[in-house]
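Here's the structure, in structure tokens; my notes come after.
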Amino acid sequence: MLEIKNLHAKIAGEETEILRGVDLTVPTGEVHAIMGPNGSGKSTLAYILAGKDDYEVTQGDILWNGKSIMEMSPDERAAEGIFLAFQYPIEIPGVATMTFLRTAVNSIRKKRGTEELTTPAFMRFVKEKAGDLGISMDMLKRPLNVGFSGGEKKRMEVLQMSMLEPTMCVLDETDSGLDIDAIKIVAEGANKMRSPDRSMLVITHYQRLLDFIVPDKVHVLAHGKIQRSGDKNLALELEKSGYAEFGEKAA
């Protein structure tokens with residue numbers, strides 16, 4: 001279970017707080033969505049969960065399965081089961097996709113105390129997972145994300161998530177820049193990850209992604225705090241009314 005308690009945070013070296021007392025609980029096995037206007041702190045929350053060092057937590061705590069992750073490095077958090085799918089996956093020229101995937105998978109397996117995959121076992125594993133997402137072997141032979149379309153980059157993020165088998169999946173605006181067909185493919189991959197032993201936090205501006213990844217609960221993040229929570233119908237309401245009602249809420 002993910003427990004975020006009175007979380008305050010800012011960009012390192014700056015004074016203005018972006019998160020101003022976030023309280024959030026995501027039980028194991030549930031999918032929660034966070035929605036909110038631009039600048040509300042949605043991506044900041046995702047980065048802090050993953051351990052990005054550009055941000056400074058000034059107050060509060062984050063517990064994953066009862067253990068504080070605040071002093072953990074990003075790779076330690078990954079070993080604990082936390083995965084972040086980026087809004088804008090970067091291209092890494094010179095790093096072969098297959099080499100990256102195998103290194104990542106075996107690094108996580110080693111940290112978790114499980115046997116590393118042999119080359120034949122890895123090839124079977126990646127082909128199975130890639131096929132589910134419509135990722136061709138040609139894509140896998142390229143440098144990581146180089147020359148990929150926006151949809152291909154997002155599918156590659158979901159492939160990584162599927163292969164690393166995290167227990168806490170954070171999807172940071174995975175639908176950003178995608179057409180409806182690409183959204184369906186990415187959502188289908190995410191839905192295959194749903195499990196009683198796995199939680200998901202889906203961060204999005206728009207309700208359309210939640211047509212395909214139906215959340216158990218929806219939260220509105222505005223002014224650095226969770227301002228309102230509800231079931232999946234809250235996303236439909238926000239699609240109609242927008243975020244105007246949260247514009248005058250005190251921070």
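The values are calculated or read from the model by the stated rules, or taken from the named source; none is laboratory data. This one's a predicted model, so the numbers in the text were calculated from it and none came from an experiment. Cβ placement follows ideal geometry from the backbone for every residue including glycine, while neighbour counts extend to all protein chains displayed.
Taken over the range 41-55, residues that are aromatic (Phe, Trp, Tyr) and in a helix (DSSP H, G or I) amount to 1.
Criterion first (modelled with pLDDT of 90 or more, hydrophobic (A, V, I, L, M, F, W, C) and within 17 Å of the chain's Cα centre (by Cα)) does Ala78 satisfy it? It is true that Ala78 is modelled with pLDDT of 90 or more, hydrophobic (A, V, I, L, M, F, W, C) and within 17 Å of the chain's Cα centre (by Cα).
In the range 63-72, the count of residues that are within 25 Å of Phe212 (Cβ to Cβ) and either under 14 Å from the mean Cα position of the chain (by Cα) or free of Cβ contacts under 8 Å to residues at least 40 places away in the same chain (or both) is zero.
Residues that are assigned to a helix (DSSP H, G or I), surrounded by 23 or more Cβ atoms within 10 Å (Cβ to Cβ) and either among the basic types (Lys, Arg) or modelled with pLDDT under 90 (or both) are absent from the range 195-208.
Criterion applied to Phe122, Phe86 was being within 20 Å of the chain's Cα centre (by Cα) and aromatic (Phe, Trp, Tyr), and the one residue passing it is Phe86. Residues of the range 161-172 that are surrounded by 21 or more Cβ atoms within 10 Å (Cβ to Cβ) and in contact (Cβ under 8 Å) with a residue 60 or more places away in the chain: Met161, Pro166, Met168, Cys169, Val170, Leu171, Asp172.
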